[in-house]
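The values are calculated or read from the model by the stated rules, or taken from the named source; none is laboratory data. Note that this is a predicted model, so its numbers are computed, not measured. In this analysis, Cβ positions are derived from the backbone assuming ideal geometry, glycine residues included, and neighbour counts consider all displayed protein chains. The protein model used for the area step is the full one, side chains on, heavy atoms only, and it has no ligands, DNA or RNA in it. Shrake-Rupley method; radii C 1.70, N 1.55, O 1.52, S 1.80 Å.
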Amino acid sequence: MIRTIPHFVKGKAVDGSSGRFADVFDPATGEVQAKVALASKAEVDAAIAVAAAAFPAWAQTPPLQRARVMFRFKSLVEANLDKLAAIVTSEHGKVLSDAKGSCIRGLEVVEFACGIPHLLKGEFSENVGTNVDSWAIRQPIGVCAGITPFNFPAMVPMWMFPVALACGNSFVLKPSERDPSAALLMADLLKQAGLPDGVFNVINGDKEAVDAILHSPDVAAVSFVGSTPIAEYIYHTGAAHNKRVQALGGAKNHMVVMPDADMDQATDAVMGAAYGSAGERCMAVSVAVAVGKAADQLIEKLMPRIRSLKVGPGTDPDSEMGPLVTKQHLDKVTGYVDLGVKEGAKLLVDGRGLKLQGYEKGFFLGGCLFDEVTPAMRIYKEEIFGPVLSVVRVADYNSAVKLVNDHEYGNGTAIFTRDGDAAREFSSRIKVGMVGINVPIPVPMAFHSFGGWKRSLFGDHHMHGSEGVRFYTKLKTVTARWPTGIRAGAEFVMPTMR
């Protein structure tokens, strides 16, 4: 019998009541392994009401106590790391090492949130006027919601809720219906860590659940990661309903390879960045911009490496790349490869039609490599979100910079070079939110903030780090003057004991 995946509300699993369900596949076999309940508007509203009721007491909980919950949650995730990674692999398909690595990157944000007492410290000015003092404090904003994508079902939620909770907010998470189980395990671990019931809730669903969140007057802020069309919809709809919104959209990340680059290093970098997680990353390198003579050298080294990629089920420790998440997504990515051929790009390595013995119905696609791609082609303009790398040849450095800056997306980029002057100029001049110098996937550490420019981000705040704290809190400034009066007598206890 196929299991049913529930919601998690007020500290316990709750069966869906809408009568609607979605299939959750094993991407390696193509078989349905579970069905997930899809929430109705009424179910979403009920979960939000629970979070709203839990908010006042949690907001009044001292930050140090909230931090201790985060510390316990961190320990529990570490103890269950293999289990969490196995869940990610079983529903998403990525190889176990990648799944585990993504969970660890999420844990780094939890570690950051453990320092919330320091992060919430305000500013104080003495004597802004005669005997008048002024100070600023940051306070939680209320019920926050997270709407997260299928490609990182543990990491991306952990980019959101640890900071939101540590700041004193309650939270409703709407994970992707394609791989929802990781969110439920994290909800259970938060409960074990001592988080009060109702402060964190998981509601599974599709567009009906998303719209219910966006229209709810009780939701103060929405965080989203996904495609640009949906990010734009989330931003405009949420803002129209007076919500604070950070909506991270799509990407077309360019890696510029200069002629003076260490070509072995650049090849290793682009292999991992383009084909890791089967290209299902918003920070994947999908365009290699080869400058001058770098093009032939790079392609010569790439082709045998791509052809020898070990593609297999994520549970196989020898696999370097797993399947795509669903048959629908496999068809979409394969369609882009077909389109690239029609557009006139030169397909040097063709991963279509890959069938693995014992996994014939799995959603597998081998690595694909296009050469002679031009900016006019759709395979260059649009986000493919699969193991497809396009090589664009340019004559010089300035042409490479113009190519990157002219693209509508501005999530991440990288340059590989031995020239410090070129690297410094690139990092200053490029119109992209996250830049790597001889680093192919420049995802910032948790104590910095993650986010792109242009149509890769809608909203004013990047995710996690100090920007995350600002997003999940509101600023209050207090100005005070006290009349001279009777001073209290001596006290002999610690102030925190009173």
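Each residue in region 93-139 was checked for being of a type outside the set (Lys, Arg) and closer than 22 Å to Val77 by Cα, and 22 of them qualify.
Only one of the numbered conditions (1) at pLDDT below 95; (2) part of a strand (DSSP E or B) is violated by Met1, and that is (2).
Filtering region 65-106 to residues that are under 28 Å from Cys167 (Cβ atoms) and of a type in the set (S, T, N, Q) leaves Gln65, Ser75, Asn80, Ser102.
Between Asp396, Asp371, which is in contact with a strand residue (DSSP E or B) (Cβ under 8 Å, 6 or more places away or on another chain) and surrounded by fewer than 19 Cβ atoms within 10 Å (Cβ to Cβ)? Steps first, answer last, please.
On the way: Asp371 fails: surrounded by fewer than 19 Cβ atoms within 10 Å (Cβ to Cβ).
It is Asp396.
When only residues in region 453-471 that are assigned to a helix (DSSP H, G or I) and of a type in the set (D, E, K, R) count, which is most open to solvent (accessible area, probe 1.4 Å)? Here the residue is Arg470.
Report yes if Ala423 is surrounded by 15 or more Cβ atoms within 10 Å (Cβ to Cβ) and without any contact (Cβ under 8 Å) to a residue 40 or more places away in the chain, otherwise no. Spelling it out, Ala423 is indeed surrounded by 15 or more Cβ atoms within 10 Å (Cβ to Cβ) and without any contact (Cβ under 8 Å) to a residue 40 or more places away in the chain.
Might you check whether a residue that is of a type in the set (Ser, Thr, Tyr), without any contact (Cβ under 8 Å) to a residue 40 or more places away in the chain and in contact with a helix residue (DSSP H, G or I) (Cβ under 7 Å, 6 or more places away or on another chain) occurs anywhere in region 1-17? Yes, that holds for at least one residue. Among all residues of region 307-321, there is at least one that is closer than 30 Å to Thr148 by Cα, open to solvent by 40 Å² or more (accessible area, probe 1.4 Å) and either in contact with an Asp or Glu (Cβ under 7 Å, 6 or more places away or on another chain) or part of a helix (DSSP H, G or I) (or both). Of all the criteria given as (1) under 16 Å from Val285 (Cα atoms); (2) modelled with pLDDT of 95 or more, the one not satisfied by Ser456 is (2). The sole residue among Val285, Val289 that is touching a residue at least 24 places away in the same chain (Cβ under 8 Å), touching a Lys or Arg at 6+ places or on another chain (Cβ under 9 Å) and of a type outside the set (Ser, Thr, Tyr) is Val289.
Among the residues of region 26-56, those that are over 18 Å from Gly205 (Cβ atoms), hydrophobic (A, V, I, L, M, F, W, C) and either open to solvent by 40 Å² or more (accessible area, probe 1.4 Å) or not in a helix (DSSP H, G or I) (or both) comprise Ala28, Val32, Ala53, Phe55. Given the condition open to solvent by less than 40 Å² (accessible area, probe 1.4 Å) and among the basic types (Lys, Arg), answer yes or no: does some residue in region 83-95 qualify? Taking every residue of region 83-95 in turn, at least one turns out to be open to solvent by less than 40 Å² (accessible area, probe 1.4 Å) and among the basic types (Lys, Arg).
Name the residues in region 206-246 that are among the small types (Gly, Ala, Ser) and surrounded by fewer than 18 Cβ atoms within 10 Å (Cβ to Cβ), would you?
Let us first name the residues in region 206-246 that are among the small types (Gly, Ala, Ser), namely 209, 212, 216, 220-221, 223, 226-227, 231, 238-240.
Listed by number, the residues that qualify are Ser227, Ala239, Ala240.
I'd like to verify a number: residues in region 348-358 that are crowded, with 19+ Cβ neighbours inside 10 Å and more than 29 Å from the chain's Cα centre (by Cα), how many?
Residues of region 348-358 that are crowded, with 19+ Cβ neighbours inside 10 Å, as a first pass: 349, 351.
Next cut, more than 29 Å from the chain's Cα centre (by Cα) only: 349.
Summing the residues that are crowded, with 19+ Cβ neighbours inside 10 Å and more than 29 Å from the chain's Cα centre (by Cα) in region 348-358 gives 1.
Quick one: which of Lys431, Lys474 is open to solvent by 90 Å² or more (accessible area, probe 1.4 Å), at pLDDT 90 or above and part of a loop (DSSP other than H, G, I, E, B)? Result: Lys431 is the single residue among Lys431, Lys474 that is open to solvent by 90 Å² or more (accessible area, probe 1.4 Å), at pLDDT 90 or above and part of a loop (DSSP other than H, G, I, E, B).
Do we find that Ala269 is at pLDDT below 95 and under 23 Å from Val95 (Cα atoms) in this structure?
Working: at pLDDT below 95: no; under 23 Å from Val95 (Cα atoms): yes.
Answer is no for this residue.
Contact map, region 339-357: first residue touching a residue at least 12 places away in the same chain (Cβ under 8 Å) and among the basic types (Lys, Arg), second residue assigned to a loop (DSSP other than H, G, I, E, B) and surrounded by 14 or more Cβ atoms within 10 Å (Cβ to Cβ), Cβ cut-off under 6 Å, separation 6 or more or different chains; pairs are Lys346/Glu372. Please specify each residue of region 287-306 satisfying the condition of being touching an Asp or Glu at 6+ places or on another chain (Cβ under 8 Å) and either more than 23 Å from Thr374 (Cβ to Cβ) or open to solvent by 20 Å² or more (accessible area, probe 1.4 Å) (or both). Matches in region 287-306: Gly292, Lys301. When you look at Ala59, is it under 15 Å from Phe171 (Cβ atoms), in contact (Cβ under 8 Å) with a residue 12 or more places away in the chain and open to solvent by 70 Å² or more (accessible area, probe 1.4 Å), yes or no? Against the criterion (under 15 Å from Phe171 (Cβ atoms), in contact (Cβ under 8 Å) with a residue 12 or more places away in the chain and open to solvent by 70 Å² or more (accessible area, probe 1.4 Å)), Ala59 does not qualify.
Which of the residues that make up region 361-391 are assigned to a strand (DSSP E or B) and either within 27 Å of the chain's Cα centre (by Cα) or over 15 Å from Val270 (Cβ atoms) (or both)? First the steps, then the outcome.
Quick first cut of region 361-391, residues assigned to a strand (DSSP E or B) only: 368-371, 388-391.
Within region 361-391, Cys368, Leu369, Val388, Leu389, Ser390, Val391 qualify.
Residues that are in contact with a Ser or Thr (Cβ under 9 Å, 6 or more places away or on another chain) and part of a strand (DSSP E or B) were ranked within region 394-421; the one that is nearest to Pro444 (Cα to Cα) is Gly412.
Restricting attention to region 1-21, and to residues there that are of a type in the set (A, V, I, L, M) and surrounded by fewer than 17 Cβ atoms within 10 Å (Cβ to Cβ), which single residue is nearest to Gly362 (Cα to Cα)? Steps first, answer last, please.
Within region 1-21, the subset of a type in the set (A, V, I, L, M) is 1-2, 5, 9, 13-14.
Narrowing the set further to residues that are surrounded by fewer than 17 Cβ atoms within 10 Å (Cβ to Cβ) leaves 1-2, 13.
On the way: Met1: 21, Ile2: 19, Ala13: 31 Å.
Residue satisfying both the conditions and the ranking: Ile2.
Output the residues belonging to region 323-338 that are open to solvent by less than 30 Å² (accessible area, probe 1.4 Å), under 13 Å from Lys361 (Cβ atoms) and touching a strand residue (DSSP E or B) at 6+ places or on another chain (Cβ under 9 Å). Within region 323-338, Pro323, Thr326 meet the criteria.
Which one of these is basic (Lys, Arg) and more than 30 Å from Gly433 (Cβ to Cβ): Lys327, Lys332? If you could, list the steps in order and put the result at the bottom.
Values: Lys332 fails: more than 30 Å from Gly433 (Cβ to Cβ).
The unique qualifying residue is Lys327.
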